[in-house]
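Have a look at the structure below before the remarks.
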Amino acid sequence: MAGVRRVSVVGNSGSGKSAFATGLASRIGVPYIELDSIFHQPNWGELVDTEFRDRVAEATDADGWVVDGNYAVVRDLVWHRADTVVWLDLPRRVVMGRIMERTLGRVIFRRELWNGNRERWANLLSRDPAKSIVAWAWTQHHAYREMYGKAMSDEAWAHLDFFRLRSSSDVTTFLNSAAN
């Protein structure tokens, strides 16, 4: 992947964005930026949009990086600075299997996510997408497909190279090509 230096990695929760983005950043020798870790403050506080944009602008004010996340409020900022968008568009059954395993592990083992935050049992069991990452992943799968499908052909993003990875083998192939 010659010339890939500023990459936005997007996709549904559970699609493998964080693992992919950290692997890609390591392979191309640039910093990894996780938008969730910037946005989510202690006790699940959220940054106001202006501060979030300021922090993301500062983090992406470099020659190279890999940004992981789907936040609409900073998408224009990240994508105007990016040269590449990698969309992890794995099948819903794969995403849901991963999100269930990951979330259950986080809840059982009380794994810290960002800034001292941990997933809660009540959120895991909730059907409310605003509270449950599992419900979010289920309800947003089609929405992400529609949104990123349109973005790929939007003239506003013509400067970007889009890669839509639809399987685990696509992900592996992309990462292996980035290492060369």
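In table form, for the structure just shown:
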{"read-out": "Residues of the stretch 80-103 that turn out to be in a helix (DSSP H, G or I) and loosely packed, with under 14 Cβ neighbours inside 10 Å, as a count", "value": "4"}
{"read-out": "Residue within the stretch 78-92 that is in contact with a helix residue (DSSP H, G or I) (Cβ under 9 Å, 6 or more places away or on another chain) and among the hydroxyl-bearing types (Ser, Thr, Tyr) present", "value": "no"}
{"read-out": "Residues that are touching an Asp or Glu at 6+ places or on another chain (Cβ under 8 Å) and part of a helix (DSSP H, G or I), drawn from the stretch 104-120", "value": "Arg106, Val107"}
{"read-out": "Pairs, first within 14 Å of Arg102 (Cβ to Cβ) in the stretch 131-142, second assigned to a helix (DSSP H, G or I), C-beta under 6 Å, six or more apart", "value": "Ser132/Asn123; Ile133/Thr103; Val134/Ile99; Val134/Thr103; Ala137/Val95; Ala137/Ile99"}
{"read-out": "Residue that is nearest to Val66 (Cα to Cα) [pool: residues in the stretch 136-180 that are small (Gly, Ala, Ser) and outside any helix (DSSP H, G or I)]", "value": "Ala179"}
{"read-out": "Residues satisfying the stated conditions in the stretch 37-56, i.e. in a helix (DSSP H, G or I), modelled with pLDDT of 95 or more and not β-branched (Val, Ile, Thr)", "value": "Ser37, Phe39, Pro42, Asp49, Glu51, Phe52, Arg53, Asp54, Arg55"}
{"read-out": "Among residues of the stretch 1-36, those that are part of a loop (DSSP other than H, G, I, E, B), more than 19 Å from Asn176 (Cβ to Cβ) and under 14 Å from the mean Cα position of the chain (by Cα), counted", "value": "3"}
{"read-out": "Filtered residues of the stretch 65-78 (kept if out of contact with any strand residue (DSSP E or B) (no Cβ under 6 Å at 6 or more places or on another chain) and either crowded, with 22+ Cβ neighbours inside 10 Å or not charged (D, E, K, R) (or both))", "value": "Gly69, Tyr71, Ala72, Val73, Val74, Leu77"}
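The values are calculated or read from the model by the stated rules, or taken from the named source; none is laboratory data. Predicted model only: the values in this text are computed from it and were never measured. Every residue, glycine among them, receives a Cβ derived from its backbone with ideal geometry; neighbour counts consider all protein chains shown.
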